[in-house]
1. Go through the stretch 83-100 residue by residue and tally those that are out of contact with any strand residue (DSSP E or B) (no Cβ under 7 Å at 6 or more places or on another chain), without any contact (Cβ under 8 Å) to a residue 40 or more places away in the chain and not in a loop (DSSP other than H, G, I, E, B).
2. Can you pull out every residue in the stretch 101-114 that is free of Cβ contacts under 8 Å to residues at least 40 places away in the same chain and either in a strand (DSSP E or B) or touching a strand residue (DSSP E or B) at 6+ places or on another chain (Cβ under 9 Å) (or both)?
3. Kindly indicate whether any position in the stretch 75-82 is in contact with a helix residue (DSSP H, G or I) (Cβ under 9 Å, 6 or more places away or on another chain), within 17 Å of residue 20 (Cβ to Cβ) and in contact (Cβ under 8 Å) with a residue 60 or more places away in the chain.
4. Filter the stretch 15-54 down to the residues that are crowded, with 16+ Cβ neighbours inside 10 Å and over 13 Å from the mean Cα position of the chain (by Cα) and list them by number.
5. Starting from the stretch 1-30, keep only residues that are over 22 Å from residue 93 (Cβ atoms), then list their pairs with residues that are part of a helix (DSSP H, G or I) and at pLDDT 95 or above whose Cβ atoms are within a distance under 6 Å, requiring at least 6 positions of separation or different chains.
6. Just to be sure, is residue 117 without any contact (Cβ under 8 Å) to a residue 60 or more places away in the chain, under 25 Å from residue 19 (Cα atoms) and in a loop (DSSP other than H, G, I, E, B)?
7. For the stretch 78-108, enumerate the residues that are at pLDDT below 95 and surrounded by 15 or more Cβ atoms within 10 Å (Cβ to Cβ).
8. Can you tell me which condition residue 52 does not meet? The list is (1) in contact with a strand residue (DSSP E or B) (Cβ under 8 Å, 6 or more places away or on another chain); (2) touching a residue at least 60 places away in the same chain (Cβ under 8 Å), and all the others hold.
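The values are calculated or read from the model by the stated rules, or taken from the named source; none is laboratory data. Since we're looking at a predicted model, the values are computed, not measured. FYI the Cβ positions are ideal-geometry reconstructions off the backbone, even for glycines, and counts take in every protein chain you see.
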């Protein structure tokens, strides 16, 4: 059986990316590995064993093109409204909160925010399917 370990994204500015994931999502730098030409930075928190791996290529000066295949990373929070306010106050510009229903019942309450490299993060209210 497979266990999900991490999701990797390429970032242009290590400090800016680490600050976003720390301030917006509460993910801390738990490991960093420097190699010739690139670095791997692992972020996580006590809520999960899953990690976000930031890859920084030393010779990169232009933002990465996301193409049409990237979807999003999703995180679950206890208080969606507080998370939205915090990210707004930090200047991250989260989009409006959406409330999806299926068959007349709540399905998901969420919003999206982009990280400094333009990757989309879905922030979901804890509950139901996302408990």
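1. Number of matching residues: 3.
2. Here is the first cut: in the stretch 101-114, the residues free of Cβ contacts under 8 Å to residues at least 40 places away in the same chain are 101-111, 114.
101, 102, 105, 106, 107, 108, 109, 110, 111, 114 - these are the residues of the stretch 101-114 that are free of Cβ contacts under 8 Å to residues at least 40 places away in the same chain and either in a strand (DSSP E or B) or touching a strand residue (DSSP E or B) at 6+ places or on another chain (Cβ under 9 Å) (or both).
3. Among the residues of the stretch 75-82, not one is in contact with a helix residue (DSSP H, G or I) (Cβ under 9 Å, 6 or more places away or on another chain), within 17 Å of residue 20 (Cβ to Cβ) and in contact (Cβ under 8 Å) with a residue 60 or more places away in the chain, which makes the answer no.
4. Across the stretch 15-54, the qualifying residue is only 41.
5. Close Cβ pairs satisfying both conditions: 29/18.
6. Details: without any contact (Cβ under 8 Å) to a residue 60 or more places away in the chain: no; under 25 Å from residue 19 (Cα atoms): yes; in a loop (DSSP other than H, G, I, E, B): yes.
Considered against the rule, which asks whether it is without any contact (Cβ under 8 Å) to a residue 60 or more places away in the chain, under 25 Å from residue 19 (Cα atoms) and in a loop (DSSP other than H, G, I, E, B), residue 117 comes out as no.
7. 108
8. Unmet for residue 52, out of (1) in contact with a strand residue (DSSP E or B) (Cβ under 8 Å, 6 or more places away or on another chain); (2) touching a residue at least 60 places away in the same chain (Cβ under 8 Å): (2).
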